[in-house]
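In what follows, a single structure is set out as structure tokens and then discussed.
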């Protein structure tokens, strides 16, 4: 009886602890992801140029965001200044940057499962690159 009264005084009002090992995934899923599992094997071997890996870096207090696009074979890195990490901004700026390259250098891009790549089809339509996503 006393325990129940004490539990009600807790700031969270809950007696049950929540596991931090498997947090619930927030946000929405990326539609029509192409899995890295079906990516051709020769891309993994890094024998030809034109296959890229993309990522986002968020600054302190989420005040600044940059995108990095790294070519897998040569390690040539493109750094893209972004207005924010919304999918619309990321797809627009990534497309602009990638379209400055020669067509032979734009084959595929691999990305993690960040929601900022929800507009991946937009990048594909503007650049012609197939975008693969890492496993969850």
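The values are calculated or read from the model by the stated rules, or taken from the named source; none is laboratory data. Quick caveat: nothing in here was measured; it's all calculated off a predicted structure. Cβ coordinates were reconstructed from backbone atoms using ideal geometry, including for glycine residues, and neighbour counts include every protein chain displayed.
When each of 79, 69 is tested for being closer than 22 Å to residue 30 by Cβ and outside any helix (DSSP H, G or I), the lone residue that passes is 69.
For region 23-33, check the following and say yes or no: at least one residue is surrounded by 13 or more Cβ atoms within 10 Å (Cβ to Cβ) and either closer than 19 Å to residue 123 by Cβ or at pLDDT 85 or above (or both). For region 23-33, residues surrounded by 13 or more Cβ atoms within 10 Å (Cβ to Cβ) and either closer than 19 Å to residue 123 by Cβ or at pLDDT 85 or above (or both): present.
Confirm whether residue 113 is at positive phi and surrounded by fewer than 18 Cβ atoms within 10 Å (Cβ to Cβ). No. Here residue 54 passes the criteria (1) at pLDDT below 75; (2) surrounded by 10 or more Cβ atoms within 10 Å (Cβ to Cβ); (3) under 19 Å from residue 131 (Cα atoms) except the one numbered (1).
For region 34-42, the criterion of being at pLDDT below 90 and under 19 Å from the mean Cα position of the chain (by Cα) is satisfied by no residue at all. Residues of region 34-51 that are surrounded by 14 or more Cβ atoms within 10 Å (Cβ to Cβ) and part of a strand (DSSP E or B): 51 alone. Out of 112, 89, one residue alone is at pLDDT below 95, more than 15 Å from residue 33 (Cβ to Cβ) and in contact with a strand residue (DSSP E or B) (Cβ under 8 Å, 6 or more places away or on another chain). It is 89. Would you confirm whether any residue within region 70-83 is touching a residue at least 40 places away in the same chain (Cβ under 8 Å) and closer than 20 Å to residue 129 by Cβ? Looking through region 70-83, none of the residues is touching a residue at least 40 places away in the same chain (Cβ under 8 Å) and closer than 20 Å to residue 129 by Cβ.
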